[in-house]
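This report concerns only the one structure given below.
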Amino acid sequence: MAEKRIRVLVAKPGLDGHDRGAKVVARALRDAGFEVIYTGIRLTPEQIVETALQEDVNVVALSLLSGAHNTLFPEVTKLLKAKGLNDVLVVGGGVIPDADIPGLKEAGIADIYTPGTPTSKIIEFIKGNVK
Amino acid sequence: MDIVKGVLGRSRLAAAKGITAVENEYPEATGIMQALYPHTGRAYILGITGPPGAGKSTLTDKLAKEYRKRGKSVGIIAVDPTSPYSGGAILGDRIRMMDIAMDEGVFIRSMATRGSLGGLSQKTADAVKVLDAFGCDIIIIETVGVGQSEVDIVKTADTTMVVLVPGLGDDIQAIKAGILEIGDLFTINKADREGVEKLHIEIEMMLELSGSKGWRPPINRTVASESEGVLEVIDSIEAHAKYLKESNELKARRAESIKTELLAMIAERIRRHINKTVTETRDFEKTIVRLQQREIDPYSIADDILDKILK
């Protein structure tokens, strides 16, 4: 079991093409010793969940700046459950208004990161909460 | 979850969990592989290697699409390097394959090299077996052609394709010694760029020098991003598969690969046994001290220890 590594899928659901934040997070996670599966922009929740399944990731990290987080983030958690992926930790980041955060957490997004969050906070949260 | 039953019943979740078990060396991994082994050996295995940025993932995506059109199910194992500094990795090959991500007949798995001591080739070979037992007709192993372990990985393939791009100039010299010898096929990708002819001639010359025994590796040209030349590549793969079968070399290659794998497994078990019974004992530490003081010599001690193990 010496070789176990935390595997994280960094994915961008929806239509925005701004992936700089996602890439910064992906690199920070790699530097923290995680294996990061990076899938690029404009993905459907279905694609994200199928990738999470095939790659058997421990964490799905969603990044979204289009404003559609209230629809797309919960769609991902719902599909994960439907596929039997109950142990996957889901976190999200992007321009997300404070008012939306409780609803997203309710929908199964374990933690939300808004602009300016240090990547160390994301890493600590994942290390502390991964199953 | 019963992983073995799941894999044989074509459960994608079970296949994913099976590969994880192998990759993380879970205690149940050996049992899973023992049970799956009789169900392997059916898939055709294609190895793709070449320098970073050559377009291996894009080409893999296009090949997979074409195989799907022909009704074949496809498994893909994409290997990327682990950072030697952090132990982490960015596995980005899937970016080029998102079109086929939702296809039920395609299963893609990314693996990091994890800097293991030659263990990666075994893990990759086992991941291939999981996908073989899962029912994939074609399994594509994609690695970055930079190191010996990656060369070993593609050696487990039936057909190995080396992808190169024009414009790397003398870089071809650097990779020549490592990966060019293992190519059954060569593909010059990004063939709309300057330098194609030069590269083509260089590969020709290299093949000329190495001499051919029965099979002369063809050199194809592709622009994978535009799907240009992909059908010709598939034709070459099929021609090679046909050659292997008719010349009986497929059987010989697979026998060789099984032999290599078995010997590696034995060596690994011996290594583990030595760790447990020799390295981690107090006597061993004392021996090291005595060696350091030149009271004894390592040649005799190595023989003594071996005698003890064999008893």
Using only helices, what value at 222 nm comes out for chain B when you add -39,500 (n - 2.57) per DSSP H run of length 4 or more and divide by the total residues, to the nearest 500 deg cm²/dmol? -16000 deg cm²/dmol
Taking only C-alpha pairs under 8 Å that are 6+ residues apart, what is the relative contact order of chain B in percent? 18
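Counting other beta carbons within 10 Å of each residue's own, what order do A:Ile6, B:Ile141, B:Ile309 fall into, fewest first? All intermediate terms of the calculation are to be shown ahead of the outcome.
Details: A:Ile6 19, B:Ile141 27, B:Ile309 12.
Least to most surrounded, the residues fall as B:Ile309, A:Ile6, B:Ile141.
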Those trypsin sites (Lys or Arg not before Pro) in segment B:183-292 that DSSP places in a loop and that have at most 11 other beta carbons within 10 Å: B:Lys213
Using a Debye calculation, one point per C-alpha and no hydration shell, please list log10 I(q)/I(0) for chain B at q = 0.12, 0.14, 0.15 Å⁻¹ in order. -0.85, -1.07, -1.19
In nm, the gap between the two label points placed 7 Å beyond Cα toward Cβ at B:Arg272 and B:Glu194 is 5.5
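Inside 10 Å of the C-beta atoms of A:52-64, what's the mean count of C-beta atoms belonging to other chains?
Values: counts 1, 6, 13, 9, 11, 3, 1, 0, 0, 0, 0, 0, 0.
For this peptide, the per-residue mean of nearby foreign Cβ atoms is 3.
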Taking beta carbons within 10 Å but only from partner chains, what does the mean come to for residues A:40-51? 3
For the protein assembly as shown, whose charge dipole is built from +1 on Lys and Arg Cβ atoms and -1 on Asp and Glu Cβ atoms, the candidate among B:Val278, B:Phe186, A:Tyr38 with its Cα farthest towards the positive end is B:Val278
Separation between the A:Glu124 and B:Ile296 pseudo-spin-labels, each 7 Å from Cα along Cα→Cβ, expressed in nm? 5.2
Do the sum for chain A: with -39,500 (n - 2.57) for every DSSP H run of n ≥ 4, divided by all residues, what is the mean residue ellipticity at 222 nm, to the nearest 500 deg cm²/dmol? -12500 deg cm²/dmol
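About the Cα centre, and with charges only on the beta carbon of Lys, Arg (+1) and Asp, Glu (-1), how big is the dipole of segment A:40-131? Nearest 20 debye, please. Present the calculation step by step, with values, prior to reporting the outcome.
Working: 8 positive and 11 negative charges, 13 e Å.
It works out to roughly 60 debye.
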Once the dipole of segment B:12-125 is set up with Lys and Arg at +1 and Asp and Glu at -1 on Cβ about the Cα centre, which of B:Pro27, B:Leu59, B:Leu91 lies farthest towards its positive end? B:Leu59
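Over all pairs of distinct alpha carbons, what does the Kirkwood formula give as the hydrodynamic radius of the protein assembly as shown, in Å? Each step should come with its number before you reach the end.
Working: mean 1/r = 0.0423 Å⁻¹.
Here the Kirkwood hydrodynamic radius works out to 23.6 Å.
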Tell me, what is a quarter of the convex hull surface for the C-alpha atoms of segment B:176-311, in nm² with one decimal? 14.5
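Working from the alpha-carbon coordinates of segment B:28-94, get Rg over Rh, Rh being the Kirkwood radius.
Details: Rg = 15.6 Å, Rh = 14.8 Å.
We get a ratio of 1.05 for segment B:28-94.
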Order B:226-236, A:116-126, B:73-83 from most to least packed using the mean count of other Cβ atoms within 10 Å. B:73-83, B:226-236, A:116-126
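Across every pair of different alpha-carbon atoms, what Kirkwood hydrodynamic radius in Å does segment A:15-77 reach? Before the final figure, lay out the partial values.
On the way: mean 1/r = 0.0808 Å⁻¹.
Evaluated on segment A:15-77, it is 12.4 Å.
Give me the percent relative contact order of segment A:10-85, please, defined on Cα pairs under 8 angstrom at least 6 residues apart. Write out the running numbers ahead of the final one.
Details: 84 pairs, mean separation 32.7, N = 76.
RCO, segment A:10-85: 43 percent.
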What is the spin-label model distance, in nm, from A:Lys23 to B:Met265 if the labels are put 7 Å beyond Cα along the C-beta direction? 4.4
Listed residues A:Asp56, A:Asp87, A:Asp98; largest mean-square fluctuation, Gaussian network over chain A with Cα springs below 10 Å, found at A:Asp98
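All of the numbers you see were taken from the coordinates with simple rules; none came from a lab. Just so it is clear, the model here is predicted, and its values are computed rather than measured. Using ideal geometry, Cβ is built from the backbone for each residue, glycine included, and neighbour counts are taken over all protein chains shown.
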